[in-house]
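Working notes for the structure below.
The values are calculated or read from the model by the stated rules, or taken from the named source; none is laboratory data. What you see is a predicted model, and the numbers here were worked out from it, not measured in a lab. Cβ: placed from backbone, ideal geometry, glycine included. Neighbour counts: every protein chain shown. Keep in mind that these areas ignore ligands, DNA and RNA; they rest on the heavy atoms of the full protein, side chains included. Shrake-Rupley method; radii C 1.70, N 1.55, O 1.52, S 1.80 Å.
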Amino acid sequence: AQSVAQPEDQVKVAEGNPLTVKCTYSVSGNPYLFWYVQYPNRGLQFLLKYITGDNLVKGSYGFEAEFNKSQTSFHLKKPSALVSDSALYFCAAYLWDSSYKLIFGSGTRLLVRP
Amino acid sequence: NAGVTQTPKFQVLKTGQSMTLQCAQDMNHNSMYWYRQDPGMGLRLIYYSASEGTTDKGEVPNGYNVSRLNKREFSLRLESAAPSQTSVYFCASSEISEQGYHEQYFGPGTRLTVT
């Protein structure tokens, strides 16, 4: 079965430190991968995507993600965390079937301490 | 452009009541989706509509019905709400990107509580 896994329910970092939110995938065909963020009581906001090309993808709010085909991973990173980055982060993969849908990981809650 | 809009933003229902969640998009997209978000489970697809006049089941369709009223609007109906349907519901629409995949755009969500 095709799936996206986020192994950590929660990640805690101190402000100013680098952060990593992990994501691994298992999909058939070319992996098109996405990160979304959900702030409290808000909708989903698109952060970045990997389609083809450079394995390091840059997105909104200073986030980047590294695609690693051999490890089937797409980890989200930021060099210096902000308290305002505290939110729920979702990794997703596009399915190349008739539904055109995204499958999502279970989400990782990021807490950035002042 | 408003993008994807959803109404209502919040709703509390009693078990057995019915209601319809509304979704509209002004981007002229052909495809539309309904997802539900539950803690620890990410978003799961309930129903989708690949184009006007068609609807198909997703992963978790039981207890729901949908209507693709026209190209703009895609509604989700709960005929007899159950506590297990307490969730946040997201509508999305999509367009075909340059790379050939469906780029999805999400609405702000509807937070539904069934007591």
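Considering (1) surrounded by 19 or more Cβ atoms within 10 Å (Cβ to Cβ); (2) under 15 Å from the mean Cα position of the chain (by Cα), the lone condition that residue A:20 does not fulfil carries the number (1). Do we find that residue A:89 is among the aromatic types (Phe, Trp, Tyr), modelled with pLDDT of 95 or more and either closer than 30 Å to residue B:48 by Cβ or in a strand (DSSP E or B) (or both) in this structure? Yes.
Each residue in region B:73-115 was checked for being within 14 Å of chain A (Cβ to nearest Cβ) and acidic (Asp, Glu), and 3 pass.
In region A:1-13, what residues are of a type outside the set (D, E, K, R), under 12 Å from residue A:110 (Cβ atoms) and assigned to a strand (DSSP E or B)? The answer is A:10, A:11, A:13. Within region B:37-49, track down each residue that is facing chain A (nearest Cβ under 7 Å) and either surrounded by 15 or more Cβ atoms within 10 Å (Cβ to Cβ) or under 11 Å from the mean Cα position of the chain (by Cα) (or both). Hits for region B:37-49 are B:42, B:43, B:45, B:48.
Any chance region B:66-80 includes a residue that's open to solvent by 20 Å² or more (accessible area, probe 1.4 Å) and closer than 25 Å to residue A:39 by Cβ? No, region B:66-80 contains no residue that is open to solvent by 20 Å² or more (accessible area, probe 1.4 Å) and closer than 25 Å to residue A:39 by Cβ. Among the residues of region A:53-112, what is the count of those that are among the basic types (Lys, Arg) and within 14 Å of chain B (Cβ to nearest Cβ)? The number of residues fulfilling the criteria is 2. Say whether the condition of being more than 23 Å from residue B:90 (Cβ to Cβ) and in a helix (DSSP H, G or I) is met by at least one residue in region A:21-36. Checked region A:21-36: no residue is more than 23 Å from residue B:90 (Cβ to Cβ) and in a helix (DSSP H, G or I). Entry remark, region A:34-55: residues being more than 12 Å from the chain's Cα centre (by Cα) and at pLDDT 95 or above number 0 in total. Taking region A:37-55 as the range and being in a strand (DSSP E or B) and either hydroxyl-bearing (Ser, Thr, Tyr) or open to solvent by less than 40 Å² (accessible area, probe 1.4 Å) (or both) as the test, the residues that pass are A:37, A:38, A:44, A:47, A:48, A:50. The set of residues from region A:11-52 being within 14 Å of chain B (Cβ to nearest Cβ), of a type in the set (A, V, I, L, M) and farther than 14 Å from residue A:90 by Cα comprises A:27, A:51.
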